[in-house]
Amino acid sequence: MKTLQLSSFGAPTDVVELAEAASGDPGPGQLAVAIEAAPINPSDLMLIRGIYGVRPELPAALGAEGIGRVVAAGDGVDAARVGERVLVVPTLEQATWRERTILDERNAVPVDADGDPLQLAMLGINPITAHSLLHGYVKLPSGAWVAQTGASSATARYVLALARHARLRTLNVVRRADSWKSLLEAGADVVLVEGEDLAEQAADALGDAPLELIVDAIAGEPVAQLAPLLRIGGPIVSYTARGRQPLSISILDLFSAGCALTASG
C-alpha cells in the first residue's frame, strides 16, 4: 500500500516522502477504508512544518481529512457497513494520505454515496471549525453583527453561510478588493478592504450597533482596528497562525473584550 509519510519536520516539499506500508486488517470495533479523496488542509502543512499544536512521533503518516469506501469490518462491527461511503473524522488517530486506512468505527461517518467526493472530503475540518467559531464562544441573538478578518478563506466562507442560516449579519474584511463582489453575492452584508480607514468604514457600516463577535484569521492590525467596535465582554476568537503575525489589540480594548484562542485544525 502506498502512503505519504513525514520523515522530519520542515518544508513540505522536502520532508514528505512516498513509502510502502502494510495495509493491515481492522481489529475489533474497527473498519478498513479505501480512500477516495483526501484534501490538503492548512493544518496539515502546519503539522509538517512542526508548528502545529502536536508533534507526532516520526516517521508519521499524514492526512487529517478524507472520504472513502469501507472495504472490511472488524469484530463487533456490522458487516453491512462494508461498501458504505464514509467521512474520516479528523482526529489525528488515523491518516488519509494513503490508499487505505484503518480507523475506529466511531471515526467513520456515513455520507452521500453519490455526492462529489472532492467536496465531501472537505467536510471534516473547515465546516466544523466555522460552526465552533460562530456558536462555541457566545450565544448570538438574531440580527447580531459578526466581523471576520481573512474573509475570503474557505473557513470564512463557511462562517458566512452559517451566519446567514442563523440570521446574523456579517462584516467581512479582506485583503484584496477583487474579493468584494463574490462575498456580496454569497450573502455578506458588508465587505471592507484592509487599510488605514478600516475602523472608520466599519463604524459607518454598523451605525449604532456594536460587534458581538470578532472572528480573526490573520491577526495583525485589522483586529486592532475592529476591537473598539466590539461590545463590552464580546469575544475575539483567533483561530489560525498561518500568517504568524502577533494578535494586535490595545490594552484598553483587551480589558473590554473576552479573548479566546483556538486552532483551525
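The values are calculated or read from the model by the stated rules, or taken from the named source; none is laboratory data. None of these values were measured; they are calculated from a predicted model. Ideal geometry is used to build each Cβ from the backbone, glycine not excepted, and the neighbour counts take in all protein chains shown.
Quick notes on this structure:
- Breaking point among (1) at pLDDT 90 or above; (2) buried (at least 18 other Cβ atoms within 10 Å of the Cβ); (3) closer than 20 Å to TYR137 by Cα, for THR240: (1)
- Residue pairs meeting the criteria (Cβ under 7 Å; at least 6 apart or on separate chains; first on the phi < 0 side of the Ramachandran plot and touching a residue at least 60 places away in the same chain (Cβ under 8 Å), in region 84-100; second surrounded by fewer than 18 Cβ atoms within 10 Å (Cβ to Cβ) and polar (S, T, N, Q)): ARG100/SER23
- Filter pass, VAL111 being of a type in the set (Val, Ile, Thr), surrounded by fewer than 22 Cβ atoms within 10 Å (Cβ to Cβ) and either under 30 Å from ALA188 (Cβ atoms) or not assigned by TED's automatic domain parsing to the domain that holds LEU198 (or both): yes
- Count of region 36-87 residues which are more than 17 Å from GLU105 (Cβ to Cβ) and touching a Gly at 6+ places or on another chain (Cβ under 9 Å): 18
- Restricted to region 218-236, and to residues there that are at pLDDT 90 or above and outside any helix (DSSP H, G or I), the residue that is surrounded by the most Cβ atoms within 10 Å (Cβ to Cβ) is LEU230.
- Helices (runs of 4 or more DSSP H) (entirely within region 123-217) containing at least 2 residues that are in the same structural domain as PRO235 (by TED's automatic domain parsing), within 22 Å of ILE232 (Cα to Cα) and in contact with a strand residue (DSSP E or B) (Cβ under 9 Å, 6 or more places away or on another chain): 126-135, 198-206
- In region 204-212 there is no residue matching the filter, namely being touching a Pro at 6+ places or on another chain (Cβ under 7 Å) and on the phi < 0 side of the Ramachandran plot.
- The requirement of being at pLDDT below 95 and closer than 17 Å to ASP112 by Cα is not satisfied by VAL70.
- Of all the listed residues (VAL86, VAL33, VAL70), the sole one being over 23 Å from THR240 (Cβ atoms), surrounded by 13 or more Cβ atoms within 10 Å (Cβ to Cβ), touching a helix residue (DSSP H, G or I) at 6+ places or on another chain (Cβ under 7 Å) and outside the structural domain of ALA154 (by TED's automatic domain parsing) is VAL70.
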